[in-house]
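The values are calculated or read from the model by the stated rules, or taken from the named source; none is laboratory data. Because the structure is predicted, anything quoted here is derived from the model rather than measured. Virtual Cβ from ideal backbone geometry, glycine too; neighbours counted across all protein chains shown. For the accessible areas, the whole protein counts, side chains as well, though only heavy atoms, and no ligand, DNA or RNA atoms are used. Shrake-Rupley method; radii C 1.70, N 1.55, O 1.52, S 1.80 Å.
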Amino acid sequence: MQEITITEENPLLPGLPDSVKDVEAAARILLDQGQEHSIKTPHGVLHVTLYGTSNTRRPAILTIHDVGLDSKSCFSPLFDFDEMEEIVKNFTRVHIDAPGQEDGAAAYPMGYQYPSMDQIAEMIPAVLTYFNFRSVIGIGVGAGSYILSRFTMAHQDTVEGLVLINIDPEARGWLDWAAQKISLLTSSLTEQILSHLFSQEEISANGDLVKSHRERISKASNFANIELFWKSYNSRSELVMSRNNNFKCPVMLVVGDQAPYEEAAMECNSKLNPTTTSFLKMADAGGLPQLTQPSKLTEAFKYFIQGMGYMASSVMTRLSRSRTASLSSIYSMEGDRARSRTLSQSSQGGVIHERSRTLSQSSQGV
């Protein structure tokens, strides 16, 4: 597909001929819809969707989805959210689908050697080279968080910020392996993936979100590819994290208080540098907070990128106006911050700023 370059934030000018206006309008519509690319990498071809233009001085927002999802089902509800519009119009986005996970992808042949998590991370530089991106702000969910963490550790100067939702840096132990083997005998692959994506409370309630994902996964034409991605994720090695061997960029960890990986995310938070790490624990949120609570996540993301020096004049929403002092101190990247300066979302939609070293929420806070 031919790349279209449009000057950033350049509205149609009233003095231009109608033909020029029509061309610019058509081009901008095309950019808003996304340009799909197939990019060759050392470990296979990646399906990538670009929103905006690669000709930008700001870092691109780069996303990678979780197992059982693709870039659209994982991130469209978040980036299509009304309050996200201000970010969307100011940043180029590039959404990477893990190998063979895009909607409608052809199933890999029998015996195909699916890339490991580390190898998928090694595919990302080819995407940056293809679009000539100098730097990115990464957003990953689950397996995507792990992949982006691997990439960031190997390319520290390329990543300006990292948002990790439901990160689990630990490798699968023998007990996990045995439990998975038993699970294979008692539940389908679809149900295993649902247990990875959602809390048990969400699955038991069997709400519309769980139902839609169960149907989408079980009927996917690339179901065999999803299974390969799932096996690759479960074979991951441990992400060795310490304050001395750490991310150089600001990091925001996000997890729901009812998510399957709440404890893993909290453990990860304890290992990261407290001066560059923020922890967002969302109350009344299950496994996919970017789908169930996009407003709260959008607000936190705005402050995160403001702390990096972008969008300093961002218009605040109703939520942020009532919590300005609390949130702005959290996302400021200047000065030291205590390890447990945790953001917890209250059930009323507010934000509680905790300064104690404990990561648990007080009974009065939520």
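Note on the stretch 58-72: residues that are open to solvent by 30 Å² or more (accessible area, probe 1.4 Å) and either assigned to a helix (DSSP H, G or I) or over 19 Å from Tyr310 (Cα atoms) (or both) amount to 1. Residue check, Ala224 against (1) closer than 22 Å to Met282 by Cβ; (2) open to solvent by 10 Å² or more (accessible area, probe 1.4 Å); (3) at pLDDT 95 or above; (4) small (Gly, Ala, Ser), all met but one. Which one? For Ala224, the failing item is (1).
Residues in the stretch 88-108 that are touching a Phe, Trp or Tyr at 6+ places or on another chain (Cβ under 9 Å) and of a type outside the set (Val, Ile, Thr): 10 in all.
For the stretch 58-71, give me each residue that is within 20 Å of Glu36 (Cβ to Cβ) and within 12 Å of the chain's Cα centre (by Cα).
Selection gives Ile61, Leu62, Thr63, Ile64, His65, Leu69, Asp70, Ser71.
Of the helices (runs of 4 or more DSSP H) lying entirely inside the stretch 76-160, the ones with 3 or more residues being within 20 Å of Ser295 (Cα to Cα) are found at 85-88. Residues of the stretch 212-225 that are among the charged types (D, E, K, R), part of a helix (DSSP H, G or I) and more than 22 Å from the chain's Cα centre (by Cα): Glu215 alone.
Residues that are in contact with a strand residue (DSSP E or B) (Cβ under 8 Å, 6 or more places away or on another chain) and either in contact (Cβ under 8 Å) with a residue 60 or more places away in the chain or closer than 15 Å to Val45 by Cα (or both) within the stretch 76-86 are absent altogether. Within the stretch 254-276, the set of residues being open to solvent by less than 10 Å² (accessible area, probe 1.4 Å) and among the polar types (S, T, N, Q) comprises Asn269 only. For the stretch 42-57, a tally of residues being open to solvent by 20 Å² or more (accessible area, probe 1.4 Å) and out of contact with any strand residue (DSSP E or B) (no Cβ under 9 Å at 6 or more places or on another chain) returns 6.
Assess whether Ala312 counts as being open to solvent by 40 Å² or more (accessible area, probe 1.4 Å), at pLDDT below 90, assigned to a helix (DSSP H, G or I) and farther than 29 Å from Ser73 by Cβ.
Judged against the criteria, Ala312 is not a match.
Close contacts from the stretch 138-149, counting a first residue that is over 13 Å from Tyr261 (Cβ atoms) and a second that is in a helix (DSSP H, G or I) and open to solvent by less than 10 Å² (accessible area, probe 1.4 Å), with Cβ to Cβ under 7 Å and a gap of 6+ residues or different chains, come to Gly138/Leu148; Gly138/Thr152; Ile147/Met117; Ile147/Ile120; Ile147/Ala121. For the stretch 211-221, filtering for residues that are touching a residue at least 60 places away in the same chain (Cβ under 8 Å) and surrounded by fewer than 19 Cβ atoms within 10 Å (Cβ to Cβ) leaves 2.
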